[in-house]
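Read the structure below first, then the notes.
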Amino acid sequence: NPYAGLVNHLRAAWLSGKTRPIEYRVAQLEALGRFLDEKKQDILEATASDMGKPSFEAYFTEILLCKNEINGTLNNLSHWMKDEHVDKNLVTQLDSAFIRKDPYGVVLIIAPWNYPIHLFLVPLIGAIAAGNCVVFKPSETTKNTERLVAEMLTCYLDNDCFAVVTAGVQETTRLLENKFDYIFYTGTTSVGKIVMAAAAKHLTPVTLELGGKNPCYVSDTCDVQNVARRVAWGRFFNAGQTCIAPDYVLCSVEMQEKLMPALREAITEFFGSNPQESPDFGRIVGDKQFRRIRALLCSGRVAIGGQTDEKERYIAPTVLADVLPSDPAMQEEIFGPILPIVVVANMDEAIDFINARPRPLAIYAFSCDSKVVNQVLERTSSGGFCGNDTLMHVTLTSLPFGGIGNSGLGKYHGRFTFDTFTHHRGCLHRNMGLEALNALRYPPYSQQKLGLLTATFEIKRKGMCTLL
């Protein structure tokens, strides 16, 4: 296997204990911070070349949010790493019972192309903080960013413990044949199944950050202008190439009529009368992705936008009205600047519509009535939820981010990333003396011993009393 030597080299480094001291972890995390500071312009230029990403969006997602993750981790790492002491029963009162935060070992991170720095760097931060050695594979789709990571990031990190692999599908398949101690994958559900199958051969635990069709319910009682701005921003940010973007709107026919002019106004406010000329609207990452998204424009009727330019890989911010559940745009995750609107009679029908489909990565609900938002939250299931806005829940490092069912497995961000890459090792350190306390558990057994053993080990329910 072409990667066996690399993996063995990192495993030897991990077994040496090099990555375990907090001083080492802090130094590597600070190096990541310097990479973001010193290569800021290179990152902005690479993401602009790869997918026309506006510098504002690139700085916000690829640099600022990553620096927040680094600083939040550095601020809390010593606390996260500490042994966590736990409750004890009567027999172990004089002993030490605790959870040790151990690294897994050598972990693999496979990143996607839509946020090519953010979506490998955030899990990498947690993997380093937890004391692991890491092989990370940036996406080959965003060539300029891949080259930047391979050539420049390696100058900042310890190459004995961290390695970048640039690989296509065939090479990644060979990479997955190696035994890793943890695999973190972000991408499509179909590839996620392949990664999980490869991991199963070595009984390797995985986190799968996948996608899905994220519904957005808009009730009849809401501020239409604010809804239009927040939905348009979430849908057309990064030209719609965001795994948590609102994938379609569910609303009444009356609300659809109100939303159309408000969405048109919001799109013009954001991108001008001709979004193709706007410096604030990105492009589709590749020709294959462009053609797939363009084919979805036949769904419903084009109410706003619909213009395309294959040479530029440009698809205008588009809203489709009167879309049917059977239309092509409702059969797959759109992952582009197209927003279908599906008409439902009321909130109950919207909830039934959501629950009849695979559980999404995010659900959005808009209403001036908080009871409506709470009803959607309580009666549905998804990786995350945001009421009266889109995307913003992902900016909080205090919230776990991840999917459920088809949209993923596991969670990360902030403390949750550290925990994901940490083996929580249950430990009991007993006193060598006081052997008389252990006599109850040794043969020969008796009813008297069992009674005393029960009294010392039994956990009683709080608030319950025993009638004698």
Top-ranked residue in segment 239-266 [being more than 26 Å from Ser326 (Cα to Cα) and touching a helix residue (DSSP H, G or I) at 6+ places or on another chain (Cβ under 6 Å); ranked as surrounded by the fewest Cβ atoms within 10 Å (Cβ to Cβ)]: Ala262
Positions within segment 308-325 being farther than 13 Å from Gly282 by Cα, open to solvent by less than 10 Å² (accessible area, probe 1.4 Å) and not β-branched (Val, Ile, Thr), in sequence order: Leu320, Ala321
Within segment 357-373, the residues that are of a type outside the set (Asp, Glu), open to solvent by 40 Å² or more (accessible area, probe 1.4 Å) and either closer than 18 Å to Arg230 by Cβ or part of a helix (DSSP H, G or I) (or both) are Cys368, Ser370, Lys371
Some residue of segment 272-292 being open to solvent by less than 10 Å² (accessible area, probe 1.4 Å), in contact with a Leu (Cβ under 6 Å, 6 or more places away or on another chain) and either of a type in the set (Asp, Glu) or at pLDDT 95 or above (or both): no
Please go through segment 151-164 and give me each residue that is outside any strand (DSSP E or B) and crowded, with 19+ Cβ neighbours inside 10 Å, ordered by number. Leu153, Leu157, Cys161
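Return yes or no: is Glu45 open to solvent by 60 Å² or more (accessible area, probe 1.4 Å) and of a type in the set (Asp, Glu)? Full working, then the answer.
On the way: open to solvent by 60 Å² or more (accessible area, probe 1.4 Å): yes; of a type in the set (Asp, Glu): yes.
Judged against the criteria, Glu45 is a match.
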Okay, helices (runs of 4 or more DSSP H) sitting entirely in segment 35-117 with 3 or more residues that are of a type outside the set (Gly, Ala, Ser) and either in contact with a helix residue (DSSP H, G or I) (Cβ under 6 Å, 6 or more places away or on another chain) or over 30 Å from His202 (Cβ atoms) (or both), I get 40-51, 65-81
State which residue is nearest to Leu428 (Cα to Cα) when the search covers only segment 92-110 and only residues that are open to solvent by less than 30 Å² (accessible area, probe 1.4 Å) and aliphatic (A, V, I, L, M). Ala97
Being among the hydroxyl-bearing types (Ser, Thr, Tyr) and not in a loop (DSSP other than H, G, I, E, B) is the filter; apply it to segment 194-223 and report the residue that is nearest to Thr173 (Cα to Cα). Thr207
So, in segment 224-258, how many residues would count as being within 30 Å of the chain's Cα centre (by Cα) and either in a helix (DSSP H, G or I) or of a type in the set (D, E, K, R) (or both)? 18
Which members of segment 76-91 meet the condition of being open to solvent by 10 Å² or more (accessible area, probe 1.4 Å) and of a type outside the set (S, T, N, Q)? His79, Trp80, Met81, Lys82, Asp83, Glu84, His85, Val86, Asp87, Lys88, Leu90, Val91
Are any residues in segment 412-468 modelled with pLDDT of 85 or more, of a type in the set (Val, Ile, Thr) and farther than 30 Å from Leu108 by Cα, and if so, which ones? Thr454, Thr456, Ile459
Lone unmet requirement of (1) touching a helix residue (DSSP H, G or I) at 6+ places or on another chain (Cβ under 8 Å); (2) farther than 21 Å from Ile125 by Cα for Thr420: (2)
Quick check, is Arg235 in contact (Cβ under 8 Å) with a residue 24 or more places away in the chain, out of contact with any Lys or Arg (no Cβ under 7 Å at 6 or more places or on another chain) and open to solvent by less than 10 Å² (accessible area, probe 1.4 Å)? yes
Give me the residue from segment 390-424 that is aromatic (Phe, Trp, Tyr) and under 12 Å from the mean Cα position of the chain (by Cα) and, out of that set, least open to solvent (accessible area, probe 1.4 Å). Tyr412
Tabulated pairs, segment 309-324, first in contact (Cβ under 8 Å) with a residue 12 or more places away in the chain and more than 21 Å from Val342 (Cβ to Cβ), second aromatic (Phe, Trp, Tyr) and part of a strand (DSSP E or B), C-beta under 7 angstrom, 6+ apart or interchain: none
Breaking point among (1) of a type in the set (Val, Ile, Thr); (2) under 26 Å from Ile351 (Cα atoms); (3) assigned to a helix (DSSP H, G or I), for Thr268: (2)
Listed by first then second residue, the pairs whose first member lies in segment 66-88 and is modelled with pLDDT under 95, whose partner is crowded, with 16+ Cβ neighbours inside 10 Å, with beta carbons under 8 Å and at least 6 positions apart or on separate chains, are Asp87/Ala97; Lys88/Ala97
Does any residue of segment 300-317 turn out to be at pLDDT 95 or above, assigned to a loop (DSSP other than H, G, I, E, B), more than 25 Å from Glu277 (Cβ to Cβ) and touching a helix residue (DSSP H, G or I) at 6+ places or on another chain (Cβ under 6 Å)? no
Taking the condition touching a Gly at 6+ places or on another chain (Cβ under 9 Å), at pLDDT 95 or above, open to solvent by less than 10 Å² (accessible area, probe 1.4 Å) and outside any loop (DSSP other than H, G, I, E, B), does Phe180 pass? no
Of the residues in segment 318-349, how many are more than 19 Å from Ile244 (Cβ to Cβ), among the small types (Gly, Ala, Ser) and not in a strand (DSSP E or B)? 2
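Could you list, in sequence order, all residues of segment 374-384 that are open to solvent by 50 Å² or more (accessible area, probe 1.4 Å) and among the hydrophobic types (A, V, I, L, M, F, W, C)?
Leu377
The values are calculated or read from the model by the stated rules, or taken from the named source; none is laboratory data. Owing to the predicted nature of the structure, the values given are computational and were not obtained by experimental measurement. Every residue, glycine among them, receives a Cβ derived from its backbone with ideal geometry; neighbour counts consider all protein chains shown. Please note that ligands, DNA and RNA were not included when accessible areas were found on the heavy atoms of the full protein model with its side chains. Shrake-Rupley method; radii C 1.70, N 1.55, O 1.52, S 1.80 Å.
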